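The values are calculated or read from the model by the stated rules, or taken from the named source; none is laboratory data. Quantities reported herein were computed from a predicted structural model and do not represent experimental measurements. As a convention, Cβ positions derive from the backbone with ideal geometry for all residues, glycine included, and neighbour counts pool all protein chains shown.
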Amino acid sequence: MKGKSVRKSRKITPLRATIFEDQERKFVRRFGREPGPNDPVFFDPESPTPKSIDPREVLASFIEAGREAGTDPVLLYAVGKTGMIVSESNMSLFSDEELREWEEAVEEGKRILGH
């Protein structure tokens with residue numbers, strides 16, 4: 001099916017719920033109203049109207065900041081591969097499947113980057 005977008009479904013964990021609640025507060029503060037069903041969850045804070053921000057851009061910025069800060073390249077590889085940021089302090093918020101996906105990405109990163 002060419003041109004059709006495929007989205008990965010993820011369970012709403014406590015961490016995700018907190019992120020969504022935070023984004024909703026930011027939306028209300030920025031635009032002076034509650035978000036509607038067609039409004040983006042992640043939006044451009046500089047835009048005068050609700051405009052989606054590409055999550056890939058956010059992830060790329062996070063990874064670049066990690067590089068500049070000297071974060072282990074293997075971990076940055078896993079973040080880029082999975083779109084997740086997993087640490088000892090937030091592991092309990094991820095499902096077993098998500099943690100397996102993370103560990104596989106870390107191992108792949110080690111092989112690719114020679115660690």
Problem set entry | Selected residue [hydrophobic (A, V, I, L, M, F, W, C), loosely packed, with under 11 Cβ neighbours inside 10 Å and more than 23 Å from ALA17 (Cα to Cα)] from ALA69, ALA65, ALA105 | ALA69
For this session: Scan the range 65-115 residue by residue and report those that are under 16 Å from PRO14 (Cα atoms), in contact (Cβ under 8 Å) with a residue 12 or more places away in the chain and in a loop (DSSP other than H, G, I, E, B).
Result: MET84, ILE85, VAL86, ASN90, PHE94, SER95
For this session: Identify all residues within the range 22-51 that are modelled with pLDDT under 90 and loosely packed, with under 13 Cβ neighbours inside 10 Å; write none if there are none.
Result: ASP22, PRO45, GLU46
